[in-house]
Amino acid sequence: MPVPRVRIDHATCVLPDGTRRASLLLSGGPSGGSSGGTILDIDPAPSARADEVIDASGLHLIPGVIDDQVHFREPGLTHKEDLHTASLACARGGVTTFLEMPNTVPHATTQAGVDAKLALAAGKCVVNYGFYIGATPDNIEDLRHATRTPGIKIFIGSSTGSLLVDDQEALERIFAETTLPLTAHCEDEATVRANAERLHGGASVHDHSKIRDHAAARIATARAIDLATRHKHRFHVLHVSTAGELPLIARAQRTHPGLISAEACLHHLWFTVDDYDRLGTRIQMNPSIKTRADVDALWRGLAEGVLGVVATDHAPHTLEEKARPYPKSPSGLPAVENSLALMLTAMHEGRCTLEQIVSWMCTAPARVWRIVNKGAIVPGSDADLALLDLDAAHTVRDAEQWTKCKWSPWDGLTLRGKVVRTIVGGRTVFLDGRADASHRGTRARYAYEGD
Ligand code: DOR
């Protein structure tokens, strides 16, 4: 049976060389199977065969979002989230590929651990997926030989779970002896511990930003950049939260072109310490939420290109867990199904353009992690796409969230800009509020893997 072909007509497409009206011809795949369909042509000949025609008049078409920082909790913590529920939330949010962190239970710190997650995902993810391998003080051999993974995640400061590499000698070895791209959670462990001691663990969630303070973020980011530049090792700074980290990153980007990339997360672009009164532990995150001046600096960092990626750090915990008195309340919040709509809302507020959103959420993550055939609408690329109604408004509601934990820190906020259809490998997996839960995505591939 010939592979079905889909044509999308009349969409305003964000293409690498500009935004314009275009038609797209895709190869699809069988319903309910993993497809791997590709973009066959842009503005195909009118005679080109199409089995399905989508009229996208009035809508914008962008590459599917690649969220390079999520925590989907499977295996081991599936009362919070699992790979199926999280991938449905991705589909709803226009996220067609996610890269997931290793602090599951057990931690993914071996090839077998990464491969076990890939096998789980193949059976239950409606979107595409990849899994980082986690660094420990003594798994250098696993890290040296790791494959089928975007890169190595180091917790230079501890967060949820017990992954931590704080010892200088162990860090030197990881930067010197491994070849995969490195990325890190940068909050200085000693600073955090000293602050916690001084504040007797913290009396309320307001103290979270005093314990995980500006200095903790700056010191750890400076340390990681020092390691990366000395060892000339490709390094990505996760969830930058302070104005003070930006000049460190910018300087390293000037002195070592192509070596250092960095990202901002939605919650750090949105919330400030003043929001603790209203939102309490819902916005307890590591790195912590900072000040208005930091939020403004992060937006400037994005505009100036120091920060190249926008991700979520989607880290669900149940509301019961979040209701524990601080500091027993866990850090983390869900975001994956609202991230693109939040950025579209920011666009309407004049913070950025649609082309910048595509760069930060689609093209740059593919470039940073050298994901093959994703991140741009070009012939030959995987047919991973999001179709948007830029003007449609909707209000975020806890009870209507698809993430298993069923809440959002943006509950009650009306967003402008909506994902109306999400296409993964040429197949529609989300349309008008409903998902095709039977679809299966495929694993992301990385340039280092070869053909
Ligand atoms: O607040 C956080 N929660 N930050 C992290 O880096 C990890 C995450 C989690 O897994 O809960």
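A short reminder: the numbers here are calculations on the coordinates, not readings from a lab. Here the structure is a predicted model, which means the values were calculated and not measured. Every residue, glycine among them, receives a Cβ derived from its backbone with ideal geometry; neighbour counts consider all protein chains shown.
Descriptive notes on the structure:
- Across the range 166-179, rounded Karplus estimates of 3J(HN,Hα) from the backbone phi angles (6.51 cos²θ - 1.76 cosθ + 1.60, θ = phi - 60°) give 10, 6, 4, 4, 5, 5, 4, 5, 4, 5, 7, 10, 9, 10 Hz, Gly and Pro being marked x.
- Candidate aspartates and glutamates - alpha carbon under 14 Å from Lys406, same-chain residues fewer than 8 apart omitted: Glu81, Asp82, Glu320, Glu321, Glu337, Asp398
- Each residue in Cys352, Cys186, Cys90 was given a count of other beta-carbon atoms within 10 angstrom of its own, and listing them fewest first yields Cys352, Cys186, Cys90.
- Each Lys and Arg contributes +1 and each Asp and Glu -1, all at the Cβ; summed about the Cα centre of the chain, the dipole is approximately 160 debye.
- Point-charge dipole on Cβ atoms (K/R +1, D/E -1) for the range 278-382, about Cα centre, debye to 20: 300 debye
- Based on the Stokes-Einstein relation at 25 °C and a viscosity of 0.890 mPa s, and on the Kirkwood radius from alpha carbon pairs, the range 8-95 is assigned a translational diffusion coefficient of 158 µm²/s.
- Based on DSSP H segments of at least four residues, each scored -39500 (n - 2.57), the chain has a per-residue ellipticity at 222 nm of -8000 deg cm²/dmol.
- Eligible lysines near Lys404 by straight Cα distance, threshold 29 Å, same-chain separation 8 or greater: Lys80, Lys117, Lys124, Lys153, Lys290, Lys322, Lys328, Lys374, Lys418
- Sorted by Cβ neighbour density within 10 Å, fewest at the top, the residues His317, His10: His10, His317
- Three-way shape label, the range 183-304, alpha-carbon gyration tensor, a/c 1.5: oblate
- Counting neighbouring beta carbons within 10 Å and listing from fewest to most, the residues Ile289, Ile371, Ile140 come out as Ile140, Ile371, Ile289.
- Total formal charge among the other residues, if their Cβ is under 9 angstrom from that of Leu199, Lys/Arg +1 and Asp/Glu -1: 0
- With one equal scatterer per alpha carbon and no solvent term, the Debye-computed log10 I(q)/I(0) for the range 55-189 at 0.15, 0.16, 0.17, 0.20 1/Å reads -0.71, -0.79, -0.88, -1.13.
- Kirkwood Rh in Å, taken over all unlike Cα pairs in the chain: 21.9 Å
- Our estimate of slack between Thr78 and Leu413, defined as 0.36 nm per intervening residue step minus the Cα-Cα distance, is 117.9 nm.
- Net dipole in debye of the range 142-229 [+1 Lys, Arg Cβ; -1 Asp, Glu Cβ; about Cα centre; nearest 20]: 260 debye
- Beta bridges from DSSP with both residues in the chain: antiparallel share about 50 percent, rounded to the nearest 5.
- Residues Thr291 and Ser162, FRET efficiency given R0 of 35 Å [Cβ-Cβ distance, rounded to 0.05]: 0.70
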